[in-house]
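Read the structure below first, then the notes.
The values are calculated or read from the model by the stated rules, or taken from the named source; none is laboratory data. Quick caveat: nothing in here was measured; it's all calculated off a predicted structure. Neighbour counts run over all protein chains shown; Cβ positions are idealised from the backbone, glycine included. When the accessible area is computed, the model is the full protein with side chains, heavy atoms only, and any ligands, DNA or RNA have been set aside. Shrake-Rupley method; radii C 1.70, N 1.55, O 1.52, S 1.80 Å.
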Amino acid sequence: MDVVVIGQIVRDLAVRVDEVPGPGSAAPVRERIEVLGGKGANQAVALAQLGCRPALVGVVGDDRHADEVLARAVEDGIDTTPVVRRSGTRTGLIIDVVDGDGRWRYLQDLPDGVLLTIADVEAAAPAFDAADAVVVQLQQPLPAVCEAADRGRRAGATVVLDGAPPDPGARSDLLARCDVLRADDSEAALWAGAEVGAEIGAASDALRVARALLVRGPWMVVLGAGSEGNVVVWPDGEAVIPLGDADVVDTTGGGDAFTAGIVAALHEGPETAARRGSAAAALTVGHTGGRPRLSREEVAQRARP
Ligand SMILES: Nc1ncnc2c1ncn2[C@@H]1O[C@H](COP(=O)(O)OP(=O)(O)OP(=O)(O)O)[C@@H](O)[C@H]1O
Ligand SMILES: [Mg+2]
């Protein structure tokens, strides 16, 4: 399966400490991971691990870190031809500080230059021609997001949107442009406020919101429902997928793995796809940092109801 992923590419430094030190004090780092990261790259890595052929559309800078992250992406089996190297821009950096209770803080250096433009997406046109699915993160600027979704649609690919738009005015346009929508707990709350003016307190609320979104475009909606897990709705059915019993070290990247797990299993139908997504997330939250460590067999095994 050929998948185009539109999203962020960064240098990712994750450190785990017992307690985050206050000003004027220090703490020893218990674990340190320096990898290719960012939501786009994480999803592409997860898709490659799950047997898909991902092409990544994102922006890096013109520094030596760009060489490092791109070399890593190629090693990971990602087609980096559509990645834009922007001159005069530094490659994004995210520092993920996780404490002993699994609470993260992100320190982010994301210059404006690493955000995608319409021209960046246009330059990636050849990748869209072959795509079976196009996955777009709603963190990116709306014009680039819409351009990518429209290109995916024209190429006959399944268009998957991940997240929620910061701009409420964009919601209808986005829903009309997608086949599959996935949002985590806080993003689901944004969609909920817009849809039914409600908060998501339980899976039944999430199902109600997901149904309201379903009639506005997509044929599959997956929303986070807090401690009850995730819900999935499609025209003929719905399911609540509990979180399971993963030990959570760091939720970073859990959502990215979720989306990749859905995409890699779309041919199995909405319920199985959502269960695979949840399994991929559970396998990612058990270690420090957002980089997934997945295999098809493990995800399929864990997803069995
Ligand atoms: N205890 C748990 N067991 C299994 N899965 C879990 C558990 N806690 C969280 N998850 C899964 O991990 C995912 C975390 O994704 P979410 O997007 O909420 O986190 P995030 O920190 O924003 O991740 P990302 O950085 O990928 O966006 C959720 O989709 C959820 O299904
Ligand atoms: Mg998330």
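Summary table
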{"quantity": "Criterion violated by GLY217 - all others in (1) touching a residue at least 40 places away in the same chain (Cβ under 8 Å); (2) surrounded by fewer than 24 Cβ atoms within 10 Å (Cβ to Cβ); (3) within 16 Å of ligand 2 (Cβ to nearest atom) satisfied", "calculated": "(3)"}
{"quantity": "Odd one out for THR91 among (1) open to solvent by less than 40 Å² (accessible area, probe 1.4 Å); (2) among the hydroxyl-bearing types (Ser, Thr, Tyr); (3) more than 30 Å from VAL17 (Cβ to Cβ)", "calculated": "(3)"}
{"quantity": "From LEU223, LEU161, LEU175, residue being at negative phi, away from ligand 1 (no atom under 16 Å from the Cβ) and either modelled with pLDDT under 90 or open to solvent by less than 20 Å² (accessible area, probe 1.4 Å) (or both)", "calculated": "LEU175"}
{"quantity": "Residue match in the range 43-54 (condition: out of contact with any Pro (no Cβ under 7 Å at 6 or more places or on another chain), farther than 13 Å from ARG291 by Cα and open to solvent by 30 Å² or more (accessible area, probe 1.4 Å))", "calculated": "yes"}
{"quantity": "Any hit, the range 43-52, residues being assigned to a strand (DSSP E or B) and either aliphatic (A, V, I, L, M) or under 29 Å from ILE262 (Cβ atoms) (or both)", "calculated": "no"}
{"quantity": "Test: residue in the range 99-117 that is modelled with pLDDT of 95 or more, on the phi > 0 side of the Ramachandran plot and part of a loop (DSSP other than H, G, I, E, B)", "calculated": "no"}
{"quantity": "Of all residues in the range 227-243 being part of a loop (DSSP other than H, G, I, E, B) and within 14 Å of ligand 1 (Cβ to nearest atom), the one that is surrounded by the fewest Cβ atoms within 10 Å (Cβ to Cβ)", "calculated": "PRO242"}
{"quantity": "Candidates VAL4, VAL15, VAL74, VAL35, filtered to the one that is hydrophobic (A, V, I, L, M, F, W, C), assigned to a strand (DSSP E or B) and closer than 24 Å to ALA133 by Cα", "calculated": "VAL4"}
{"quantity": "Matching entry among THR251, THR259 (being open to solvent by 50 Å² or more (accessible area, probe 1.4 Å), at negative phi and within 15 Å of ligand 2 (Cβ to nearest atom))", "calculated": "THR251"}
{"quantity": "Residue check for ALA246: near ligand 1 (Cβ under 10 Å from one of its atoms) and either open to solvent by 10 Å² or more (accessible area, probe 1.4 Å) or within 23 Å of ILE6 (Cα to Cα) (or both)", "calculated": "yes"}
